[in-house]
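Asks: My questions all concern the structure below.
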Amino acid sequence: MQLSIGQVAERTGLSIHTLRFYEREGVIAAPVRRGPGGRRVYTEADVEWLHLCVNLRASGVPLPAIRQYAERVRQGIGDEEDLLALLRQHHGRVAAQIEQLTGTSA
C-alpha cells in the first residue's frame with residue numbers, strides 16, 4: 001500500500017513539515033521513494049518506523065541517537081540489541097539528569 005505524506009501525517013500525528021525534516025535528517029530507516037511527479041510515497045513499514053520514532057522522541061531520546069539507529073538499520077545491522085543499547089544509553093542520561101535535578105545520588 002502506498003501512502004501520501006498527508007496520509008502518513010494523519011496516521012502518525014506528525015506534521016508534514018516534521019516528516020520532511022525527519023527525511024532530511026536521516027531519521028527515517030528506509031529512503032523515502034518518490035512517485036509520479038516527484039511526490040513522496042510511504043509504505044506501511046515507514047509508518048511503523050515513524051511510530052517508533054514518535055515513541056522514542058516522547059521518551060526523550062535525542063534525534064541524533066535515533067538517526068544513529070536508523071543508519072544501522074539502513075546498513076542491515078540494526079536489531080533488537082542495538083535498540084536495547086540505545087535505550088540503555090538514554091536511561092543513563094535520564095538517570096543522571098534526575099540525579100542532577102533532585103540533588104540526590106543513586
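Asks: Of all residues in region 8-49, which are surrounded by 14 or more Cβ atoms within 10 Å (Cβ to Cβ), in contact with a strand residue (DSSP E or B) (Cβ under 6 Å, 6 or more places away or on another chain) and closer than 21 Å to Glu71 by Cα?
Replies: Hits for region 8-49 are Val32, Val41, Tyr42.
Asks: Arg11 passes all but one of (1) under 30 Å from Gln97 (Cα atoms); (2) more than 11 Å from the chain's Cα centre (by Cα); (3) not aliphatic (A, V, I, L, M); which number fails?
Replies: Among (1) under 30 Å from Gln97 (Cα atoms); (2) more than 11 Å from the chain's Cα centre (by Cα); (3) not aliphatic (A, V, I, L, M), Arg11 violates only (1).
Asks: Is there any pair linking a residue in region 9-20 that is without any contact (Cβ under 8 Å) to a residue 60 or more places away in the chain to one that is of a type in the set (Gly, Ala, Ser) and outside any helix (DSSP H, G or I), with Cβ under 8 Å and at least six apart or on different chains, and which?
Replies: That search, which allows pairs on different chains as well, returns Ala9/Ser15.
Asks: Quick one: is Gly60 of a type outside the set (Phe, Trp, Tyr), free of Cβ contacts under 8 Å to residues at least 60 places away in the same chain, under 27 Å from Ile98 (Cβ atoms) and outside any helix (DSSP H, G or I)? Full working, then the answer.
Replies: Working: of a type outside the set (Phe, Trp, Tyr): yes; free of Cβ contacts under 8 Å to residues at least 60 places away in the same chain: yes; under 27 Å from Ile98 (Cβ atoms): yes; outside any helix (DSSP H, G or I): yes.
For Gly60, the condition - of a type outside the set (Phe, Trp, Tyr), free of Cβ contacts under 8 Å to residues at least 60 places away in the same chain, under 27 Å from Ile98 (Cβ atoms) and outside any helix (DSSP H, G or I) - is met.
Here, each number is a calculation from the coordinates, and none is a lab measurement. Note that the structure is predicted; figures quoted are calculated from it, not measured. Cβ coordinates were reconstructed from backbone atoms using ideal geometry, including for glycine residues, and neighbour counts include every protein chain displayed.
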